[in-house]
């Protein structure tokens, strides 16, 4: 049995913990309380842990303290979302505790777990119980007790995980919203999952990537079309990334499907061919010039149940355009940087027109990492910087980035795009940095924000029964209305948003907005709220068909 952990074993534990987290990221995402397509706890923790894993990849160092320092730095720089930042803080304290040690025993390990929990709590201004923090604290308490009675690491981890899971199961009793939705805390689940991977490494077990059931769409999308730096748009021979899924007809279900012959026939349509199948369906991915011919051929094998076509030439043009813009921003040097996080080209242009010097593309589903934010500050070569995260899940990463750079940085805790816009109206460069921040923070209180998106799963919360793909309206970060009808959801959200003091309502239309719906909403406001001024902006943002603000 293992009684001590050296650097090589710790690197192995990190690899196994990261893999176990990756395998369970979707499950952890599904535990998020609100059914909104946000940055997602599982995704953010997975990306953060992956950054730490990559930092220690191929480590041959037997000094655990030195491996820990590399791991901690990797997590710190790769931290995404609040859950990722808290995870990086837990292991920051953990690794700091062991930095001078070549190997650790159970007592050292227990002390490190305690230091990790303490560091995470200290990093949060207002810790909330029933979260990952509680699970970390309870694990630390259990570890401190176990070091008095347990002599082998396998038994230590076995009992530690039993206590960790008891703590996790108790989180709904500490945080009522978890009980209402019927889930445990997602961040706590992520932490337990990592330690389960640690235990597997101690046992000498291998956690391998897994896929279950019918191959998913991701199995087909094996490339990310990162060809923009290598070829010109006109050099793309087959311009349409085409995916199709068919349910076999009775003839094919009888076992007569010849996959090799199918692949041979499919190869005439293009390249980058990938075919996966089971007894019920066949899925195809191919780059072609004639998607219709692909669909017609696959249809001879059964009923088409899913189709997808993407114009890669158009994607290439957009990527080149964005990279050119990013490159121009990267080389822009200023004494005082105004850095905003933005999603959507229209919103980005609004921010630039208002004086933002640098834009980080991100937001929901794509939270920038601590390193992403710090890199922009460093490349600007500024002496001072103001960061507008414009998303509650990016504030902590912004604050962490501010601590890593040499510049004097202030983070304005804007939680939405409308708040970011309101804050930018109050930038007075004649004032010092702290005064500017105070004015911008005060401006955040002058605007009410709202958004429309679609539910990613069924749930019941805040007295609302919500079904998957329903439109949901959020006032600030609270769901206040839901309906299968987009227009009705918009009208209901507007009623929740407007007050007697309201003067201006701004609608920011997204990629999935509908012109007819937008016009009906304008007419509704003009008829029912004639004293309210309506402003329409084309934000082109993803995820949210409509963003709103009221002043």
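General remarks:
- Efficiency of FRET from Cβ geometry, residue 249 and residue 529, R₀ 51 Å, rounded to 0.05: 0.35
- Taking 0.36 nm per residue of separation and subtracting the Cα-Cα distance, full extension of the segment from residue 309 to residue 141 would add 55.1 nm.
- Across the stretch 450-550, C-alpha contacts under 8 Å between residues 6 or more apart give a mean separation that, scaled by the residue count, equals a relative contact order of 29 percent.
- Sorting 444-454, 501-511 by average packing, meaning the other beta carbons within 10 Å per residue, from highest down gives 444-454, 501-511.
- Working from Cα pairs under 8 Å separated by at least six residues, relative contact order for the chain is 12 percent.
- Calculated from the structure at hand, semi-axes √(5λ) of the Cα gyration tensor in Å is found among [x] 52, 40, 20; [y] 39, 30, 27; [z] 38, 35, 25 as [z].
- Residue-averaged [θ]222 nm for the chain, counting only DSSP H segments that reach four residues, each worth -39500 (n - 2.57): -15000 deg cm²/dmol
- Exposure proxy for 160, 307: other Cβ atoms within 10 Å of each Cβ, ordered fewest to most, give 307, 160.
- For the chain, share of DSSP beta bridges that run antiparallel, in % to the nearest 5: 70
- FRET efficiency estimate (nearest 0.05) - Cβ-Cβ, residue 379 to residue 496, R0 51 angstrom: 0.80
- With the convex hull of the Cα atoms taken as the outline of the stretch 321-451, the averaged projected area works out to 7.3 nm².
- Scaled against 2.2 N^0.38 Å for its residue count N, the alpha carbon radius of gyration of the stretch 120-162 is 1.36.
- Highest-first arrangement of 335-347, 140-152, 430-442, where packing means the average Cβ count within 10 Å: 335-347, 140-152, 430-442
- Each peptide in 18-25, 460-467 was scored by the mean count of other Cβ atoms within 10 Å over its residues; highest first, the order is 18-25, 460-467.
- Extension gain, residue 487 back to residue 272 (0.36 nm per residue minus Cα-Cα distance, nm): 73.3 nm
- FRET efficiency for the pair residue 62 and residue 205, taken as 1/(1 + (r/R0)^6) with r the Cβ-Cβ distance and R0 = 22 Å, rounds to 0.55.
- Order of 107, 186, 30 - criterion: other Cβ atoms within 10 Å of each residue's Cβ, fewest first: 107, 30, 186
- Ranking of 425, 91 by count of other Cβ atoms within 10 Å, fewest first: 425, 91
Each value in this text was obtained by applying a stated rule to the coordinates, not by laboratory testing. Values in this document were obtained by computation on a predicted structure and should not be read as measured data. Note that we place each Cβ from the backbone using ideal geometry, even for glycine, and neighbour counts take in every protein chain shown.
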